[in-house]
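Asker: If you scroll down you'll find the structure; I have some questions about it.
The values are calculated or read from the model by the stated rules, or taken from the named source; none is laboratory data. Please read these numbers as outputs of a predicted model, since none were measured by experiment. Cβ atoms come from the backbone with ideal geometry, glycine included; neighbour counts cover every protein chain shown.
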Amino acid sequence: MNEQSRIVPNNLEAFWMPFSANRQFKQAPRMFVAAKDMHYTTADGRQVLDGTAGLWCVNAGHCRPKITEAIQSQAAELDYAPAFQMGHPKAFELASRLTTIAPQGLDHVFFTNSGSESVETALKIALAYHRAKGDGARFRLIGRERGYHGVNFGGISVGGIVGNRKMFGTLLTGVDHMRHTHDPERNGYSKGETEHGAELADDLLRIATLHDPSTIAAVIVEPVAGSTGVLPPPKGYLKRLREICDQHGILLIFDEVITGYGRMGTAFASDYFGVTPDIMITAKGLTNGVIPMGAVFVKDTIHDAFMTGPEHLIEFAHGYTYSGNPIAAAAGLATLETYQEEGLFERAKALEPVWADAIHSLKGTRHVIDIRTIGLIGAIELEPMKGEPTKRAFSAFVKAFEEGLLIRTTGDIIALSPPLMVSEEQIGEIVDTLKGILAGLE
Ligand code: PMP
């Protein structure tokens, strides 16, 4: 195999790429062949600054030695152990380490292999929990418009992205949605939580009342909606959801797949907002994105319902061949150690105002109609091109890649979420590159 064919394979047809315009991509492929710390290396040998931590997951930066070594040595020592009825120490160690950084009371961890699987797991735990307590009438799940909860059937049912739902016909029944909280008219150019819109949490009460609150099992939200363009919650909104849930015996589920593991400058968004859910969904940053793994955290009361309930309920009929996989668990442990040793969560917290000011300095740049920042996340919303929505942002993405910056776009919104090791200088580089690109866009 010559060097060129190692870098760009000569058959691009076999791989059906996820969430990609395959035809377009294969005409002009963009390939990464290596990565280190804050940068990717492209197939033609260029360095690309990672403005998105891969897909919001590489929080510690790329190819970090501790994580690489942990994976290598675990693969050589114990590659796989059956996930059911058998254990191995690393999974137990990781679960217990996770509970030391989790919000108080979320002391039990169920392992999965992705964010989507964590979502399904959380929804099933919620439904099964009510049944375990003899309250099987609680079967309804409430999501939110513009929510993204992965791609499996439960997740797209509670999720609120039309494009991800409409190809697939019937979804879960018994699902309803609150309105999203995006309101650029009242909350334009926001830093942190937005000022207006806490009253939208009362949608939960309205929907619960409509269906009878005693039929509602759970409500699921991302504390900060990420994939639909970074929508920070209004001040007081999450607290109000918590109150309504408590009043009506509804479980509150936070999907922290993006916001978990330091992205907000705290271990989890729960800590940032001071609101603790009953179930917390995580993945991505758990293993620095290096090995697929997710973790669902639950409160004692939920865990106890299964552990101490009637004999026929003691086994939760759910799990994956790779739940708590030894290599993933080793990667998770090494990732947590890296976060801790390098103080990356604290670093993200210290950078939050620097980040906010830098991204907001793009206000007034051509095409920009709104900017939102929270934690180490940012969104720059562009005015859609007449008749061709999403085209302008996608052009920005392609141009940025050519100029050595990885960004992500969703609709007409540019989303940013660099690894937490990003330097102030690199933040400046992100902003300068974007400024140049936006000014030159059609
Ligand atoms: N939930 C949220 C909030 C996410 O952002 C994502 C992925 N971006 C998922 C779930 C799904 O995760 P995965 O792609 O690992 O299945």
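Asker: When you go through (1) under 25 Å from Arg206 (Cβ atoms); (2) touching a residue at least 12 places away in the same chain (Cβ under 8 Å); (3) aliphatic (A, V, I, L, M) one by one for Ala102, which number turns out not to apply?
Answerer: That leaves (1) as the condition not met.
Asker: Could you check, for region 27-44, whether at least one of its residues is assigned to a helix (DSSP H, G or I), surrounded by fewer than 20 Cβ atoms within 10 Å (Cβ to Cβ) and not hydrophobic (A, V, I, L, M, F, W, C)?
Answerer: yes
Asker: Among the candidates Ala43, Ala28, Ala21, Ala35, single out the residue that is modelled with pLDDT of 95 or more, among the aliphatic types (A, V, I, L, M), assigned by TED's automatic domain parsing to the domain that holds Ser417 and farther than 21 Å from Leu434 by Cα.
Answerer: On inspection, the qualifying residue turns out to be Ala35.
Asker: If I ask for residues that are farther than 23 Å from Lys166 by Cα and touching a strand residue (DSSP E or B) at 6+ places or on another chain (Cβ under 9 Å), which ones from region 122-134 would you list?
Answerer: Ala122, Ile125, Ala126, Leu127, Tyr129, His130
Asker: Among the residues of region 373-398, which ones are outside any loop (DSSP other than H, G, I, E, B), surrounded by fewer than 17 Cβ atoms within 10 Å (Cβ to Cβ) and either among the basic types (Lys, Arg) or not assigned by TED's automatic domain parsing to the domain that holds Ala350 (or both)?
Answerer: Lys391
Asker: Please state which of the following conditions Ala350 fails to meet, knowing it meets all the rest: (1) surrounded by 15 or more Cβ atoms within 10 Å (Cβ to Cβ); (2) assigned to a helix (DSSP H, G or I).
Answerer: Only one criterion in (1) surrounded by 15 or more Cβ atoms within 10 Å (Cβ to Cβ); (2) assigned to a helix (DSSP H, G or I) is unmet by Ala350, namely (1).
Asker: Could you list all residues from region 361-383 that are more than 20 Å from the chain's Cα centre (by Cα) and more than 17 Å from Ile437 (Cβ to Cβ)?
Answerer: Selection gives Asp370 alone.
Asker: Return the residues of region 266-302 that are within 14 Å of the ligand (Cβ to nearest atom), assigned to a loop (DSSP other than H, G, I, E, B) and under 14 Å from Asp255 (Cβ atoms); say none if nothing qualifies.
Answerer: Phe268, Pro277, Ala283
Asker: How many residues are buried (at least 21 other Cβ atoms within 10 Å of the Cβ) and over 16 Å from the mean Cα position of the chain (by Cα) when one looks only at region 52-69?
Answerer: Total meeting the criteria: 4.
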